[in-house]
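A.B. asks: This is the structure I have questions about; it appears just below.
We did not get these values from a lab; they are worked out from the coordinates using the rules stated. Keep in mind it's a predicted model, so treat the numbers as computed, not measured. Cβ atoms come from the backbone with ideal geometry, glycine included; neighbour counts cover every protein chain shown.
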Amino acid sequence: MFCGKEIRRFDEKWRISFNRGIRKELGNIPVITRRGKKIRVFPEQKKDEFKPSQIWLGKIDKQGRLLIPKKLLSGFLKSIILSGERDYLEIQSRKRIPFREITLDETGRGISILYDGDKKEVREEC
């Protein structure tokens, strides 16, 4: 299960690196789709849920990086928001959504804090 949001950056070859826990959830050949202005990365076992024409199969290298196909990157900046949406990861260009920060509360539960243009806070527990 994927949960939380982080500000990340693509490297110079448009790869994104993942920690060991995320790599384990995704498997070696994750499924990549694009829906509107968002890229979604699903675990490899979800491959059969999509039509072959709707997906790209990724490969995570030895350093834990996933190369995103250039066809999917139109309109993206290097700075991105990586969101855990339970069953998949979602990638959005940072310019397109408000800033979020991940923190832990006193019990160790993850809390996502949204800072919009008016400096209002919305908390979401993960």
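A.B. asks: Give the shape of segment 2-97 as rounded, prolate or oblate, defined through the alpha-carbon gyration tensor: a ≥ b ≥ c are the square roots of its eigenvalues, a/c under 1.5 means rounded, and otherwise the shape is prolate if a/b is larger than b/c and oblate if not.
C.D. replies: Cα axes put segment 2-97 in the rounded bin.
A.B. asks: So how far apart, in nm, are the two label points at Lys13 and Asp48 if each is 7 Å from Cα heading toward Cβ?
C.D. replies: Each label point lies 7 Å from its Cα, and together they span 3.2 nm.
A.B. asks: How high is the relative contact order of segment 2-97, in percent, with contacts defined as C-alpha pairs under 8 Å that are six or more residues apart?
C.D. replies: Averaging sequence separation for qualifying contacts and normalising by length gives 40 percent for segment 2-97.
A.B. asks: Oh, and also: Can you tell me which of 46-59, 78-91 comes out highest on packing, and rank the rest after it, using the mean Cβ neighbours within 10 Å? Don't skip to the answer; put the middle values down first.
C.D. replies: Details: 46-59: 12.2, 78-91: 17.4.
Top of the packing list down: 78-91, 46-59.
A.B. asks: Moving on to the next point. Residues with beta-carbon under 9 Å from that of Ile16, excluding Ile16: net charge, scoring Lys, Arg +1 and Asp, Glu -1?
C.D. replies: Values: positive: Arg8, Arg9, Arg15, Arg65; negative: Asp11.
After counting each charged neighbour, the total is +3.
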